[in-house]
1. Quote the relative contact order of the chain in percent (integer), defining contacts as alpha-carbon pairs under 8 Å separated by 6+ residues.
2. Just check the range 154-208 against the gyration tensor rule for me: Cα atoms, a ≥ b ≥ c as the square roots of the eigenvalues, rounded for a/c under 1.5, and otherwise prolate or oblate depending on whether a/b exceeds b/c.
3. Taking the highest mean first, how do the peptides 222-228, 178-184, 7-13 order by number of other beta carbon atoms within 10 angstrom per residue?
4. Hey, in the GNM for the chain with a 10 angstrom Cα cutoff, which one of 95, 128, 221 fluctuates hardest?
5. Using 0.36 nm per residue, how much length does the chain from residue 164 to residue 60 gain when fully extended, once their Cα-Cα distance is taken away?
6. Contour minus end-to-end for residue 100 and residue 79, with contour as 0.36 nm per residue of separation and end-to-end as the Cα-Cα distance?
7. Under the rule a/c < 1.5 gives rounded, and otherwise a/b versus b/c splits prolate from oblate, where does the range 55-98 land using the Cα gyration tensor?
8. Between 188, 89, 170, where does the largest GNM mean-square fluctuation fall for the chain, given springs only between Cα atoms within less than 10 Å?
């Protein structure tokens, strides 16, 4: 596996429903003077591992804006654009289908996580190279409660020391994650992250603790916080 043989799938097709109309598209919105997706794309490219970039998009209007912004900030970067689906799961599968036959590693990253560091990418990639499947994650800082299925009352309180919060990138051997996504699609199972699909087909997934803040832009206040964090780097 050569140093620049990895594929990056950057997910940009999601909606911005929880942004309360503050921004039309959190992926193309400006953060510290650059589009959100450009921040994470630059971090991945700086590692020297990425040989191909695939970006999923929502519609033709977003695609046009992504192309324009890419040309303005990273003009020498070649990108394959793949139309996304109704859900994140559908978008990932569409991008993975474009990776058929790839024998290396694929990094799947949420475009709304602009703070991912090159160091974190290297760490999770190294573990995935060793084990076949690894995800960036954080140890739970708060006590977690599992609710009863039919109410908002507590069913159980798991040991906080065993609880992690999944982040991205999530990195896999391409054949493993493509097989997993096709299987869950065949069985019409819903998954909310990539490791859930891979776990479903019996593949162990390694947890790699993130050494830095990897905020996902979900609400308007997240932009303020992300910009403040970027100013400290």
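1. 24
2. Oblate.
3. For the peptides 222-228, 178-184, 7-13, the packing ranking is 7-13, 178-184, 222-228.
4. Of 95, 128, 221, the most mobile in the Gaussian network model is 221.
5. Length difference between fully extended and current span is 33.8 nm.
6. Gain on extension, residue 100 to residue 79, equals 5.9 nm.
7. Since a/c reaches 1.5 but b/c is at least a/b, the shape of the range 55-98 is classed as oblate.
8. Maximum among the listed residues: 188.
Where a number appears in this text, it was derived from the coordinates with a stated rule and is not lab data. Here the structure is a predicted model, which means the values were calculated and not measured. FYI the Cβ positions are ideal-geometry reconstructions off the backbone, even for glycines, and counts take in every protein chain you see.
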